[in-house]
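The values are calculated or read from the model by the stated rules, or taken from the named source; none is laboratory data. As the structure is a prediction and not an experimental result, all values here were calculated from the model. Please note: Cβ atoms are built from the backbone with ideal geometry, for glycine as well, and neighbour counts cover all protein chains shown.
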Amino acid sequence: MSDIIVAVDGPAGSGKSSVSREAARRLDFGYLDTGAAYRALAWHCLDEGVDLDDATAVAAHVADFDYATGLNPDRYFVRVGGEDITTDIREPRVSAAVSAVARVPEVRRALTAMFRELAAEHPSAGVIIEGRDITTVVAPEAAVRVLLTASPEARIARRSAELSAVSTEATAEQLASRDAQDSRVVDFMNAAEGVTTLDSTELDFEQTVQSLIDIVRSRTP
């Protein structure tokens, strides 16, 4: 059972996933990408032809959401109904749909319960959970709570590097739209009381990973 929970919040493009995954690898912790679950549910709804504007219909699909993910950072995967959709959930159509799914209260409650169960059952000494409302909703009692952020310019540049086929202007619009939609549900731009802010604007990837590891080690035995 995991003894140490590390909660990492942050806006899109801040590096939450890549930094958290690498830090988990070096600490020999589990890694839980909560955003992947929301993306997987969005993929599932699109695959089933669900009207994403119908919150009741979206909520109904949580009940038959057969979700599985790998918490080992070296063996990461995302599956729905046994089908591997690790790559599919990054498609533009899913990115455009995920906010509509994530803002449904019944969805958030169900997935929050699932995240807690997954983290509690993982056999490693600790688990890094990353997403949008981890420090305040999913794991408010976590031993370590971090808000990983960066300037809008840095976030746009990093996301543009990931999406080489998409223009910088389009990337900026996508990030702004995603942040605006998600901010109606959760506050992921401001650190709650007791949460450490890690601003990676002037840090490279290696420096950001090491900074997160240093924070974890300074707050745990």
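Tabulated values for the structure
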quantity	calculated
Some residue of the range 98-109 being within 21 Å of TYR31 (Cβ to Cβ), surrounded by 14 or more Cβ atoms within 10 Å (Cβ to Cβ), among the aliphatic types (A, V, I, L, M) and modelled with pLDDT of 95 or more	no
Output for the range 16-41, where each listed residue is farther than 16 Å from ILE89 by Cβ and charged (D, E, K, R)	GLU22, ARG25, ARG26, ASP28
Tally, over the range 1-24, of residues that are at pLDDT 95 or above and farther than 13 Å from VAL216 by Cβ	1
Flag for GLU117 being exposed (fewer than 15 other Cβ atoms within 10 Å of the Cβ) and touching a residue at least 24 places away in the same chain (Cβ under 8 Å)	no
Matching option when the condition is within 22 Å of ARG25 (Cα to Cα), out of contact with any Pro (no Cβ under 6 Å at 6 or more places or on another chain), at pLDDT 95 or above and not hydroxyl-bearing (Ser, Thr, Tyr), among ASP199, ASP204, ASP214	ASP214
Any pair with Cβ under 9 angstrom, 6 or more apart, that starts in the range 14-38 at a residue that is on the phi > 0 side of the Ramachandran plot and ends at one that is in a strand (DSSP E or B)	GLY15/LEU148; ASP28/GLY126
